[in-house]
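The values are calculated or read from the model by the stated rules, or taken from the named source; none is laboratory data. Computed from a predicted structure; not experimentally measured. Cβ sites come from the backbone with ideal geometry, for glycine too, and all protein chains shown count toward neighbours.
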Amino acid sequence: MGEREKDFRGSRHKGKGKAKESIVLCDCGLPAKKAQSWTDENPFRRFYGCERYKTPLDCRFFQWIDEGSPYGWQKRALLEARNNIRQKEETIMELKKNIAKFQSDWAENAEFEEDIINGFLKL
């Protein structure tokens, strides 16, 4: 076990073959956070990073979990999957914007219709 790893015993393990797990500590002394790379160079490759990433207290700790980076057809497949996910996320965001606009337009029309009805009722 490396300097940054602590034995993690006494916890409940789900799954077969997990006799013990280790906790990786960042340079802050905190348990490092597991994350996944979305870059072209290392698509879907898992790594440990500082829990305080993107804060002023970030110690900039970084360590790969996976032994090697993907290559060949696996890398191409991962990049294609990542790009499909990004495209679908963009489509979902656009749809959510459209829904919000339609709801706003509908609310304005409902108020306008109510004003017209109230105007007729006063006659």
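Residues being in contact (Cβ under 8 Å) with a residue 40 or more places away in the chain and either among the aliphatic types (A, V, I, L, M) or exposed (fewer than 10 other Cβ atoms within 10 Å of the Cβ) (or both): count how many of those fall in region 76-119.
From region 76-119, those in contact (Cβ under 8 Å) with a residue 40 or more places away in the chain are 82; that's our starting set.
Of the ones still in play, those that are also either among the aliphatic types (A, V, I, L, M) or exposed (fewer than 10 other Cβ atoms within 10 Å of the Cβ) (or both) are none.
The number of residues fulfilling the criteria is 0.
What do you reckon, is Trp73 out of contact with any Asp or Glu (no Cβ under 9 Å at 6 or more places or on another chain), of a type outside the set (Asp, Glu) and in a helix (DSSP H, G or I)?
Numbers: out of contact with any Asp or Glu (no Cβ under 9 Å at 6 or more places or on another chain): yes; of a type outside the set (Asp, Glu): yes; in a helix (DSSP H, G or I): yes.
Yes.
Inspect all residues belonging to region 58-69 and state whether any of them is exposed (fewer than 10 other Cβ atoms within 10 Å of the Cβ), within 23 Å of the chain's Cα centre (by Cα), farther than 21 Å from Asp40 by Cα and assigned by TED's automatic domain parsing to the domain that holds Gln36. First the steps, then the outcome.
Restricting attention to region 58-69, the residues satisfying the condition of being exposed (fewer than 10 other Cβ atoms within 10 Å of the Cβ) are 67-68.
Going one step further and asking which of them are within 23 Å of the chain's Cα centre (by Cα), we end up with 67-68.
Add one more test, that the residue is farther than 21 Å from Asp40 by Cα, and what stays is none.
Scanning region 58-69 turns up no residue that is exposed (fewer than 10 other Cβ atoms within 10 Å of the Cβ), within 23 Å of the chain's Cα centre (by Cα), farther than 21 Å from Asp40 by Cα and assigned by TED's automatic domain parsing to the domain that holds Gln36.
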